[in-house]
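Below is one structure, written out as structure tokens; comments come after it.
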Amino acid sequence: MDIVVMVGQLILGLTILVGLHELGHMLAAKWFGMRVEKYAIGFPPKVFGKKIGETEYMLGMIPLGGFVKISGMVDESMDTEALKEEPKPWEFRSKPAWQRLIVMMGGIIVNVITGIVIYIALTFNYGESYLPASEAKYGVVANEIGKDIGFQTGDRIIAVNGHQLERFEDVYSMDALLGRDAFYTVERDGQKVDIKVPANLMDRVADNKERMFFVQPRQPFKVGQVVAGSAASKAGLQKGDFIKKVNNESVMFFHEFQQALQANAGKKVSMMVERDGKPIKLQVEVSEEGTIGFAPVQMLQYATRDYSLGESIPLGTEQAFGVITANLKGFGKIFRGEVSASKSLSGPIGIAQIFGDTFSWYKFWSITGMLSMVLAFMNFLPIPALDGGHVVFLTYEMISGRKPSDSFLENAQKVGMVILLGLMAFAIFNDVFKIIF
């Protein structure tokens, strides 16, 4: 069922984004009087098709893309027979270069607009939940990556790149993870210490199950829901209890409690809990996995800021374009050799894992908005067969006044298809490799 949820979200998200992308091409083409022969979401074999007017609307069985077939255009269909005849007034090739440029930019423009609208809507409807930096007063707990960078458990982060930290989530911002010469400033034993961000940090977090959470706030906690029939329930642990000690070892923070259980996995431990201000001793069996069966309630107080529609528009727009900025920085690190492409790039399996095996509308639309901006960015790359490749050739035509020959465009399209198929094969193989190894 978990896989069904992941795959279902992936297909729904891609169907929305690809459908809108190709709709942008189609509407622009029809606006300029071009004949659109086919509008397809998904690739053949065909599941459903219906012809309305001059256009066949098709749903394909392979939900990993889509296409629009415009008469007189060299595209991925490689249907070049019609190009041997004289251009017809309704064909793509017979229209002015500026009109053809707008048609090719149509999908990218729609994806950008879609991403912006999604981020604005999310900001307006959900506001922003965050942990104020002042709430992270107990400092951080550093995992292996955090320690390698130079963090120590107990450090209190006070600034990122010299700017005072106001929201703890900014510790994981793209300015910190992808910026050049980025650094954190922490307070340690009453002194300020700068910790330089290594150039390969994104490489490290992409190769780790804990992803980018190399430091997390130290969390005081209390017992939440106790699982019926669990070891915690049998021992008498109750919702609202504060666990103070495990085998006489103080566990003020949740990570300390987890470490104490892991150290005693498969054993019975004594626990001192506080209930209604009174100390109570319990004996609890710890599972082989180092758990006892309850959900913790974290005690740090998160804040939520609501935004008006007027405030949401610039903020949502900034968040949307922040995705493109992050992609540019990421590609820069890949080309400089600071980050491994195999650890940074994901295919459909990796994207499905990002959606996760649980569904919430907020998370779904957040990821879909991000993917819409990524799709716009990727399609703008100057690779033949992508919109960006067509844009390059049309820009050249508009500047030079000379149109590339049909044979050149055909060969460029073939090269582009080989590149795209190679990239897709690499991405899928890379996803499988990361799962196995």
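The values are calculated or read from the model by the stated rules, or taken from the named source; none is laboratory data. Since we're looking at a predicted model, the values are computed, not measured. Using ideal geometry, Cβ is built from the backbone for each residue, glycine included, and neighbour counts are taken over all protein chains shown. Areas reflect the complete protein model, heavy atoms only, side chains present, ligands, DNA and RNA absent. Shrake-Rupley method; radii C 1.70, N 1.55, O 1.52, S 1.80 Å.
Only the Cβ atoms of Lys and Arg (+1) and of Asp and Glu (-1) were treated as charged; on that basis the dipole of segment 81-153 about its Cα centre amounts to roughly 240 debye.
Remark on VAL286: its backbone amide H falls under 5 Å from those of GLY266, LYS267, LYS268, VAL269, a criterion applied only to residues 5 or more positions apart or on other chains, H modelled at 1.01 Å from N. Only helices enter this figure: runs of n ≥ 4 DSSP H residues, each worth -39500 (n - 2.57), summed and divided by the residues of the chain, yield -14500 deg cm²/dmol at 222 nm to the nearest 500.
Ligands, DNA and RNA are left out, and with a 1.4 angstrom probe the accessible area of segment 167-302 is 56 Å² per residue.
Backbone phi angles across segment 105-115, fed through the Karplus curve with coefficients 6.51, -1.76 and 1.60 (θ = phi - 60°), yield HN-Hα couplings of 7, x, x, 4, 4, 5, 5, 5, 4, 4, x Hz in residue order; Gly and Pro are listed as x. Accessible surface for segment 352-399, divided over its residues, is 46 Å² per residue with a 1.4 Å probe.
Computed from backbone phi, the HN-Hα couplings of segment 29-43 come to 5, 5, 4, 8, x, 8, 8, 9, 7, 8, 10, 10, 10, x, 9 Hz, rounded to whole numbers (Karplus: 6.51 cos²θ - 1.76 cosθ + 1.60, θ = phi - 60°; Gly and Pro given as x).
Distant-in-sequence amide contacts of GLY60, defined by a placed amide H-H separation under 5 Å and a gap of 5 or more residues or a different chain, comprise ILE41, GLY42, PHE43, VAL47. For ILE243, the residues whose amide H sits under 5 Å from its own are VAL223, GLU274, ignoring neighbours fewer than 5 places away on the same chain, with H placed 1.01 Å from N. The modelled label-to-label distance for the pair ALA295/ASN161, using points 7 Å beyond Cα in the direction of Cβ, is 3.7 nm. Probe radius 1.4 Å, ligands and nucleic acids ignored: give me the carbon and sulfur share of the accessible area of the chain as a rounded percent. C and S fraction of accessible area: 60 percent.
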